[in-house]
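The values are calculated or read from the model by the stated rules, or taken from the named source; none is laboratory data. Just so you know, these numbers come straight off a predicted model, no measurement behind them. Cβ atoms come from the backbone with ideal geometry, glycine included; neighbour counts cover every protein chain shown. Areas reflect the complete protein model, heavy atoms only, side chains present, ligands, DNA and RNA absent. Shrake-Rupley method; radii C 1.70, N 1.55, O 1.52, S 1.80 Å.
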Amino acid sequence: MAENPITKEVLLNEEQMDGKINLYARVTVAPFGTLAYHAHHGETETYYILSGRGEYNDNGAKRPAAPGDVFFCRDGDSHGIVNTTAEPLSFMALIIRK
């Protein structure tokens, strides 16, 4: 696994989004890196896969992730993503407060 598997480029901050959006960013997972499985409370998160391939974990159900795929994590649910290739995996992440 890569030493720094995740990079995040914040495109708009909370202030710019009037406090309604917690995160709007391009996230890149290094080759064979992992964005750890985690829960969301009081918010939802959407991933839109831009490039690369991996495996998305949706509450324990694992699905392939490829460019153009959209994944939605509901308030109270958990998710994570693993880059399963030697190429970077990039996606847009949008966290909306409830």
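So the values come out like this:
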| quantity | calculated |
| --- | --- |
| The range 43-98, accessible surface, carbon-and-sulfur percent (1.4 angstrom probe) | 50 |
| Orientation-averaged projected area, Cα convex hull of the range 10-60 (nm²) | 4.4 |
| Relative contact order, percent, the range 30-97 [alpha-carbon distance under 8 Å, six or more residues apart] | 49 |
| For the chain: accessible area per residue (Å², 1.4 Å) | 57 |
| Paramagnetic reach from Ala66 in the range 37-53 [backbone N under 16 Å; point 7 Å along Cα→Cβ] | 49-53 |
| Inverse of mean 1/r across different Cα pairs in the chain, Kirkwood, Å | 13.4 |
| The chain: GluC sites (Glu not before Pro) in DSSP loop, at most 10 other beta carbons within 10 Å | Glu3, Glu15 |
| Computed label-point distance, nm, for sites Val10 and Glu87 using a 7 Å Cα→Cβ extension | 3.0 |
